[in-house]
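A short worksheet on the structure shown next.
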Amino acid sequence: MNLSEQDRHIITSAIRDVPDFPKPGIIFKDITTLLGDKVAFATLMDHLAHRYGGYGLDYVAGIDARGFIFGAALAQMLGVGFVPVRKKGKLPYTTVSEKYSLEYGFDEVEIHIDAFDGTPNARVLLVDDLIATGGTAYAAANLIQKSGGLCVEACFVLGLDFLDGQRKLAELTSVYRVIGVE
């Protein structure tokens, strides 16, 4: 299902640009205003529910932390389980982890070892608010596969099209972004 121009406008106009955050020259895309706008949030979530309703998903996995908001809401709408992909050290039970490179160093994401509850080849949708360079999303998609799931697609509210993250992630799974930012 394609997003109509009217719906695209509703969603886009609800996202606030914050100049020079977190440092000069960066325009931060603030989705908190989208979350607070009941019409825009409903428009986005209805679009995603229609898009993914026929995918035969078993789980939606959301990336820490804003991906939790969209992912959990979508999982509930689709009647499937939700799996949080957390930063290292935040989950209380035995985990599986995946490291990824940052500009200066490494970071790590993890999920519970039993996240997919023994569902063979669990069909998983990965969700986050934004894809930029794609390091976290790439690690999360790898982690899903490593844990016995099949990452059928990675979905983002915003995609920074001028960066390489979407292309890199497409090596692992299909990528969909609702709104592209040039």
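The values are calculated or read from the model by the stated rules, or taken from the named source; none is laboratory data. Just so it is clear, the model here is predicted, and its values are computed rather than measured. Quick reminder, even Gly has a Cβ in these numbers, built from the backbone with ideal geometry, and neighbours come from all protein chains shown.
Key figures
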| item | result |
| --- | --- |
| From Asp46, Asp17, residue being surrounded by fewer than 17 Cβ atoms within 10 Å (Cβ to Cβ) and in a helix (DSSP H, G or I) | Asp46 |
| Residue within region 83-96 that is farther than 15 Å from Thr173 by Cβ, in contact (Cβ under 8 Å) with a residue 40 or more places away in the chain and small (Gly, Ala, Ser) present | no |
| Single match in Val157, Val152, Val178 (criterion: in contact with a His (Cβ under 9 Å, 6 or more places away or on another chain) and under 21 Å from Leu74 (Cβ atoms)) | Val178 |
| Single residue of Thr94, Thr119, Thr173 found to be more than 25 Å from Asp7 (Cβ to Cβ), out of contact with any Lys or Arg (no Cβ under 6 Å at 6 or more places or on another chain) and at pLDDT 95 or above | Thr94 |
| Test: residue in region 4-25 that is within 17 Å of the chain's Cα centre (by Cα) and charged (D, E, K, R) | no |
| Filter result for Leu35 (on the phi < 0 side of the Ramachandran plot and in contact (Cβ under 8 Å) with a residue 24 or more places away in the chain) | yes |
| Qualifying positions in region 67-80 - in contact with a helix residue (DSSP H, G or I) (Cβ under 9 Å, 6 or more places away or on another chain) and either in a loop (DSSP other than H, G, I, E, B) or under 14 Å from Leu44 (Cβ atoms) (or both) | Gly67, Ile69, Phe70, Ala73, Leu74, Met77, Val80 |
| Evaluation of Val127 against (1) modelled with pLDDT of 95 or more; (2) farther than 28 Å from Gly54 by Cβ (one fails), failing number | (2) |
| Matching residues, region 135-148, being surrounded by 18 or more Cβ atoms within 10 Å (Cβ to Cβ), modelled with pLDDT under 95 and either at positive phi or among the aromatic types (Phe, Trp, Tyr) (or both) | none |
| Qualifying residue in region 84-99 (condition: buried (at least 20 other Cβ atoms within 10 Å of the Cβ) and of a type in the set (D, E, K, R)) | yes |
| Subset of region 2-56 [of a type in the set (Phe, Trp, Tyr) and over 20 Å from Ala73 (Cβ atoms)] | Phe21, Phe28 |
| Residue selected from region 149-174 under the condition in contact with a strand residue (DSSP E or B) (Cβ under 7 Å, 6 or more places away or on another chain) and surrounded by fewer than 18 Cβ atoms within 10 Å (Cβ to Cβ), by the criterion farthest from Thr32 (Cα to Cα) | Leu150 |
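Yes/no per residue for (1) under 29 Å from Ile26 (Cβ atoms); (2) surrounded by fewer than 23 Cβ atoms within 10 Å (Cβ to Cβ); (3) in contact (Cβ under 8 Å) with a residue 12 or more places away in the chain:
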| position | (1), (2), (3) |
| --- | --- |
| Val80 | no, yes, yes |
| Tyr104 | yes, yes, no |
| Arg123 | no, yes, yes |
| Thr133 | yes, yes, yes |
